[in-house]
Amino acid sequence: MAGTGVVRTADTGTARPIRVLVCEDQELVRTGYVTIFTAQPDLEVVGEAADGRVAVEAAGRLRPDVVVMDIRMPLLDGIEATRLLAGPGVTDPVKILVVTTFNLDEYVYEALRAGASGFLLKDSPPRDLVHGIRTIAMGESLLAPAVTRQLVGRFADRIRPAEARNPAATGAVAALAPRETEVLKLIAEGLSNAEIADRMVLSRETVKTYVSRILTKLDLRDRVQAVVFAHRMGLVDAQG
C-alpha cells in the first residue's frame, strides 16, 4: 500500500495536505478524480477546471502543489496550459501530472517537453493516480526512466539540431564535471540510481549527490527533464 504524502510550509515547517487542482473537460471523469482524491486524508482538492484557460487562471490564483492535467481540452489544450504553468522561462513553475488516454505518443512527449513532471493513463488504478500526485508533490518524476527514454527517443531528433546550437544549453553542459556528464548520459539511457551506482562502481548516495548537482546546474526539476535535455543536446543515441 502506498504511503501518504504531505508538504511542509516554508515558514513553519509544519505538514499540510497536498493541494490538488483537477483539470479535465469530461465532467464524469473530473468528478471521479475529485471523489478519489478527496477520500485521501493527505490530499485536498482546491479547484476544478473544464478547459485550459480556466486551468491556467485557477493554477495562478490557487497555487496548488500538483495540477492533474488532461491533454485534450477546449479553448486551450493541456500541452499549452502546461507550458504556460511550467515551461521554460516560468519563474515559479507548477508541478503537473498529465493524465491522458494516449500512451507513448507525440502528445505525451510534447507535454513533458512543456514542463510536465510525468504522466499516467486515464485507465490507471485510483491508487496509481494518488501515488502519482504524492510522488510529484515530493519533487520526484513519475515516469520510469526507461519509459521516458523510449518516449523521448522517438521525437528528439526533430528538435535536437536547434537545441544543440543553443549557447546557453551548450554552456550548461560544458559546466558539468566529467563524472556528472557520465551520470547524465546514464540517466538518459534509462538507468536508475542503483543501476548507475553498479555501472560506475559508486555508492547510491554518491550517485544521488551527482543527480542533485546535475539538476541544479542545468536548472532542471526532475529526472524526466534531465532525460529530455540529454536527448535534445544529442548526448545519447535516440535510436539506441
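Every number in this text was worked out from the coordinates using simple rules, so none of it is lab data. Because the structure is predicted, anything quoted here is derived from the model rather than measured. Cβ placement follows ideal geometry from the backbone for every residue including glycine, while neighbour counts extend to all protein chains displayed.
Some notes on this structure:
- Förster-model FRET efficiency, 25 Å R0, R16 and S212, C-beta, rounded to 0.05: 0.50
- Residues whose placed amide H lies under 5 Å from that of M73, excluding near-sequence neighbours: G78
- Take the Cα of R204, step 7 Å toward its Cβ, do the same at T91, and the gap between the two points is 3.9 nm.
- A Cβ-based charge dipole, computed about the Cα centre of the stretch 7-143 with Lys and Arg at +1 and Asp and Glu at -1, lands at about 380 debye.
- Here the spin labels are modelled as points 7 Å beyond Cα on the Cα-Cβ line, and at R63 and T31 they lie 3.3 nm apart.
- For the stretch 36-47, the Karplus equation 6.51 cos²θ - 1.76 cosθ + 1.60, evaluated at θ = phi - 60°, returns couplings of 5, 6, 5, 6, 8, x, 9, 10, 9, 7, 9, x Hz by residue, with Gly and Pro reported as x.
- Annotation: for a label point projected 7 angstrom from Cα along Cα→Cβ of D128, no residues of the stretch 214-234 have a backbone N closer than 13 Å.
- Cα gyration tensor shape of the stretch 7-143, rounded if a/c is under 1.5, else prolate or oblate by comparing a/b with b/c: rounded
- Ignoring lysines fewer than eight residues from K95 along the same chain, the ones with Cα atoms less than 19 angstrom from its Cα are K122.
- Cα-based shape type of the stretch 40-97, given that a ≥ b ≥ c are square roots of the gyration tensor eigenvalues and the cut on a/c is 1.5: oblate
- The ranking of M69, M138 by Cβ neighbour count inside 10 Å, starting from the fewest, reads M138, M69.
- Footprinting exposure proxy for V207, V98, V173 (fewest neighbouring C-beta atoms within 10 Å first): V173, V207, V98
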